[in-house]
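One structure is given here, and the rest of the page talks about it.
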């Protein structure tokens, strides 16, 4: 039985090819596992994988899928993967609670205009941002990026957020919920934004990339302190490959097929959607906006300094 | 075989109702693609190596889990069924563990043994142990005492009685347990892939298609394929059961 299990690369477990992989660039760990989500944000990483950018650095990156950023981070804390992709919020919350020694390894995306918005449908009573007070707004979950960014944008416009009914919901379900009147508005990132406008005639009430949340850092890669300290060369190789991939991601024709393949978006939506701003190098001052927002919205109770959480940045 | 064909006719009817509901506009096509779309998507996916690998990973995990469950549950059932004292002593623990849904143990299993294929196999084994074990215990309790007395009177040893009297009698019951567990194991494997995320697996395929996307046809394609897999597994086991235990009427009596 054990022999069967061992021989089953087909099961998706430890690969028997562990010894292989061109790991002679002196990397401490030439093969790493990264927990990923099926999202548009990861197009550059998919490019680095498919285009052989990691291989060129002597690094083999094995993808492990996770259903959410929180789950992705749990896989990392549990030791199943070395690096986790998530929105920034869970990383900072885990750090502030002392749940894990989180280090941020590489940036992934920031809010670009028209890539994240609070939307409404024609039948909804919500017409402008001022109508959002006291309404039912769909978000992915409390204290996630979707919740806090919506709160921040509403506050920017002086809209009362205290009586809003937040309705947690999976992103693909939000356009249906808007159509059926189950919610009055909803936070949507791409590609759901394009899909909702196509399917439900959804229109933005407010673009997230405005005011206090303009260029807001949305998601990135995190790891544990122990891994970061032990594997500086491996991390630098990962960062260099990602930096190159992000540069090449400016060419949309390279990115679109990867979005269709990995984020499971249909080709038409992929060609229409607004891409977020891809980045790879973390800037402590810019990233500080995330824990600051968490503090403002009361998710964190004490100020958290982002700078010490940053792993050394290559190039 | 005609039974198999009749079953397929029912399935065709189900697809027809689904198609009509969508085409009549009762549900939006974008949210619930009709079977005419989903079946084409399934056909396309069978040309994708990734999908085939997902399917194989799920099937292998299922097969391994069921084998392990049988290997544990049958001896355990025989032991508990033949030693009443032991059965009484363990009854509370068993009744406490049995109702815990395998998926509720996902967080624990992820922490203890990680999220690799071991996780889904462990949970599927856990979920599918019980029907096999209970059917084994039940079967031992149901053995005609006359048979056992006769064996005893003929001077048959304990071990011999177990292998040539008790086992042939219990086997069809045990097999019914295995058949029930086969579907339970499949459910556990796919749910774990879906809820915990994995490297490969149909549950993982459905999860990816549902969280990251606007492609509900992929979600349903994965779902329909899991259904078909369960249908084939059950049909296959039913056939094996009918051939292997011709003398038995259990299959016709037991809940299936």
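Please list, ordered by residue number, the helices (runs of 4 or more DSSP H) wholly in the stretch A:1-104 having 2 or more residues that are buried (at least 24 other Cβ atoms within 10 Å of the Cβ), away from every other protein chain (no Cβ under 14 Å) and at pLDDT 85 or above. Full working, then the answer.
On the way: elements: A:2-7, A:43-50, A:53-56, A:69-77, A:88-96.
Because the criterion is at least 2 residues that are buried (at least 24 other Cβ atoms within 10 Å of the Cβ), away from every other protein chain (no Cβ under 14 Å) and at pLDDT 85 or above, the helices (runs of 4 or more DSSP H) in the stretch A:1-104 that meet it are A:43-50, A:88-96.
If you go through the stretch A:173-188 and pick out every residue that is in contact with a helix residue (DSSP H, G or I) (Cβ under 6 Å, 6 or more places away or on another chain) and at the interface with chain B (Cβ under 10 Å from one of its Cβ atoms), you end up with 2.
Picking from residues in the stretch A:251-275 that are assigned to a loop (DSSP other than H, G, I, E, B), within 14 Å of chain B (Cβ to nearest Cβ) and within 19 Å of the chain's Cα centre (by Cα), the one that is nearest to residue A:105 (Cα to Cα) is A:263.
Among the listed residues B:210, B:191, which satisfies the condition of being free of Cβ contacts under 8 Å to residues at least 12 places away in the same chain, in a helix (DSSP H, G or I), within 14 Å of chain A (Cβ to nearest Cβ) and in contact with a helix residue (DSSP H, G or I) (Cβ under 6 Å, 6 or more places away or on another chain)? Break it down into steps so the answer makes sense when it comes.
Values: B:191 fails: free of Cβ contacts under 8 Å to residues at least 12 places away in the same chain.
Step by step, each of B:210, B:191 is checked, and only B:210 is free of Cβ contacts under 8 Å to residues at least 12 places away in the same chain, in a helix (DSSP H, G or I), within 14 Å of chain A (Cβ to nearest Cβ) and in contact with a helix residue (DSSP H, G or I) (Cβ under 6 Å, 6 or more places away or on another chain).
Each residue in the stretch A:198-223 was checked for being over 23 Å from residue A:278 (Cα atoms) and surrounded by fewer than 19 Cβ atoms within 10 Å (Cβ to Cβ), and 3 of them qualify. Residue B:48 - would you say it is farther than 17 Å from residue B:205 by Cβ, surrounded by fewer than 19 Cβ atoms within 10 Å (Cβ to Cβ) and without any contact (Cβ under 8 Å) to a residue 24 or more places away in the chain? For residue B:48, the condition - farther than 17 Å from residue B:205 by Cβ, surrounded by fewer than 19 Cβ atoms within 10 Å (Cβ to Cβ) and without any contact (Cβ under 8 Å) to a residue 24 or more places away in the chain - is not met. Inside the stretch B:68-114, residues that are within 14 Å of chain A (Cβ to nearest Cβ) and more than 21 Å from the chain's Cα centre (by Cα) make up a count of 7.
Assess whether residue A:148 counts as being under 30 Å from residue A:225 (Cα atoms) and assigned to a helix (DSSP H, G or I).
yes
Within the stretch B:26-45, if we keep just the residues that are within 10 Å of chain A (Cβ to nearest Cβ) and free of Cβ contacts under 8 Å to residues at least 60 places away in the same chain, the residue that is farthest from residue A:180 (Cα to Cα) turns out to be B:29.
Answer with yes or no whether residue A:191 is within 29 Å of residue A:104 (Cα to Cα) and touching a helix residue (DSSP H, G or I) at 6+ places or on another chain (Cβ under 7 Å). Against the criterion (within 29 Å of residue A:104 (Cα to Cα) and touching a helix residue (DSSP H, G or I) at 6+ places or on another chain (Cβ under 7 Å)), residue A:191 qualifies.
Evaluate the stretch A:237-258: report whether one residue or more is surrounded by fewer than 18 Cβ atoms within 10 Å (Cβ to Cβ), over 30 Å from residue B:50 (Cβ atoms) and modelled with pLDDT of 85 or more.
Taking the stretch A:237-258 as the starting set, the residues that turn out to be surrounded by fewer than 18 Cβ atoms within 10 Å (Cβ to Cβ) are A:247-248, A:250-254, A:256-257.
Checking which are over 30 Å from residue B:50 (Cβ atoms) leaves us with none.
No: the stretch A:237-258 contains no residue that is surrounded by fewer than 18 Cβ atoms within 10 Å (Cβ to Cβ), over 30 Å from residue B:50 (Cβ atoms) and modelled with pLDDT of 85 or more.
Of all the listed residues (B:163, B:192, B:223, B:176), the sole one being modelled with pLDDT of 85 or more, within 26 Å of residue B:244 (Cα to Cα) and out of contact with any strand residue (DSSP E or B) (no Cβ under 7 Å at 6 or more places or on another chain) is B:176. Taken together, the criteria place residue B:65 among residues that are surrounded by 15 or more Cβ atoms within 10 Å (Cβ to Cβ), within 12 Å of chain A (Cβ to nearest Cβ), touching a helix residue (DSSP H, G or I) at 6+ places or on another chain (Cβ under 8 Å) and modelled with pLDDT of 90 or more.
Taking the stated definitions as given, is residue B:200 away from chain A (no Cβ under 14 Å) and more than 18 Å from residue B:127 (Cβ to Cβ)? Quick ask: steps written out before the conclusion?
Values: away from chain A (no Cβ under 14 Å): no; more than 18 Å from residue B:127 (Cβ to Cβ): yes.
Judged against the criteria, residue B:200 is not a match.
Elements of the type helices (runs of 4 or more DSSP H) sitting completely within the stretch A:153-246 and holding at least 2 residues that are within 24 Å of residue A:130 (Cβ to Cβ) and not assigned by the TED database to the domain that holds residue A:80: these cover A:174-179, A:192-200.
Among the criteria (1) more than 11 Å from chain B (Cβ to nearest Cβ); (2) buried (at least 18 other Cβ atoms within 10 Å of the Cβ), the one residue A:168 does not fulfil is (2). Looking at the stretch B:165-174, can you tell me whether even one residue there is under 15 Å from the mean Cα position of the chain (by Cα) and either in a helix (DSSP H, G or I) or within 14 Å of chain A (Cβ to nearest Cβ) (or both)? Within the stretch B:165-174 (the criterion being under 15 Å from the mean Cα position of the chain (by Cα) and either in a helix (DSSP H, G or I) or within 14 Å of chain A (Cβ to nearest Cβ) (or both)), the answer is yes, since at least one residue qualifies. Go through (1) without any contact (Cβ under 8 Å) to a residue 60 or more places away in the chain; (2) farther than 30 Å from residue B:44 by Cβ for residue A:267 and report which single condition fails. The single condition residue A:267 does not satisfy is (2).
Among the residues of the stretch A:276-288, those identified as surrounded by fewer than 17 Cβ atoms within 10 Å (Cβ to Cβ) and either part of a helix (DSSP H, G or I) or not assigned by the TED database to the domain that holds residue A:219 (or both) are A:284, A:285, A:286.
The values are calculated or read from the model by the stated rules, or taken from the named source; none is laboratory data. In this text, all values refer to a predicted model and were calculated from it rather than measured experimentally. Ideal geometry is used to build each Cβ from the backbone, glycine not excepted, and the neighbour counts take in all protein chains shown.
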